[in-house]
Amino acid sequence: MVLEVLESALNLKCAIGNTHGKRLDILAGSKVMILQELNEPFLNMAVSKAATLLGAYDVNIVDNLVWDQDYMGRVFSFMADAIFVATMTHMCVQRFANQSTVPVVCMRSRTHASIQSLATVMAIIKNPVSPLLYKASENMTTESHTSLKACSEKEEVLKDATVVIAGPSDVNKDIVKQKNHCIFFHTGPRGKEVDDELFFHENSKTFVAFENFHYIAAALMANVMKDYKF
């Protein structure tokens, strides 16, 4: 399913490079619920934009849900055609989905960042690197010729890096010191750990990944609701 969603999102982006003011009728009349334990503005807007693009309506609920009540998924299913969930736990999403009668998609949890990770892989596909990290659905260490290595020093990590994905850590000076060509992603939110030179560098694909959020959300939405691929 991962490669199908990525291919679908890429096809949609190629067909509609600018989604402003665009509206398709693929999910016309459908209701998409955005259910968040805490507000995730980037993800919220990505799913909302995707719903609008595909002709659906969306409703956003931010609440401290009582996840241990197993009837929650069943009740919300009565009033939505698909539910996108953001939570700080993960097992609760699985339990919620088991009780739901409509598709449930995890936008973000303690262990998963589904939309962001797929959007980043999508950006990597458009900016090819070696190894081909976009073969995400395969067992990457055995079938995609990649490797996993634990490093204690940042210098060792950056030495042969082709893709750098950074969060709130001071990697800016270390990256600049390396001469290898790499592309850079920042997961957000941005803090003092990265300056403008790196954040807006020509090799930085952070904004490309953020732009991909709503294409990935649209591909996921069409897939789980209508088994539709762009």
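The values are calculated or read from the model by the stated rules, or taken from the named source; none is laboratory data. This structure is a prediction, so every number in the text was calculated from the model and none was measured. Methodologically, a virtual Cβ is constructed for each residue, glycine included, from the backbone with ideal geometry; neighbour enumeration extends over all protein chains shown.
Brief remarks on what is shown
- When Phe76 is tested against (1) in contact with a Cys (Cβ under 6 Å, 6 or more places away or on another chain); (2) of a type in the set (Phe, Trp, Tyr); (3) in contact (Cβ under 8 Å) with a residue 40 or more places away in the chain, only condition (1) is not met.
- All conditions in (1) at pLDDT 70 or above; (2) within 15 Å of Ser117 (Cβ to Cβ) hold for Asn203, with the sole exception of (2).
- Phe96 more than 14 Å from Leu220 (Cβ to Cβ), of a type in the set (Phe, Trp, Tyr) and in contact with a helix residue (DSSP H, G or I) (Cβ under 8 Å, 6 or more places away or on another chain): yes
- The criterion of being of a type in the set (Phe, Trp, Tyr) and at pLDDT 90 or above holds for Phe84.
- Picking from residues in region 97-112 that are at pLDDT below 85 and surrounded by fewer than 18 Cβ atoms within 10 Å (Cβ to Cβ), the one that is farthest from Ser8 (Cα to Cα) is Arg110.
- Looking at Tyr215, Tyr228, just one residue is of a type outside the set (Val, Ile, Thr), at pLDDT 95 or above and in a loop (DSSP other than H, G, I, E, B), and that residue is Tyr228.
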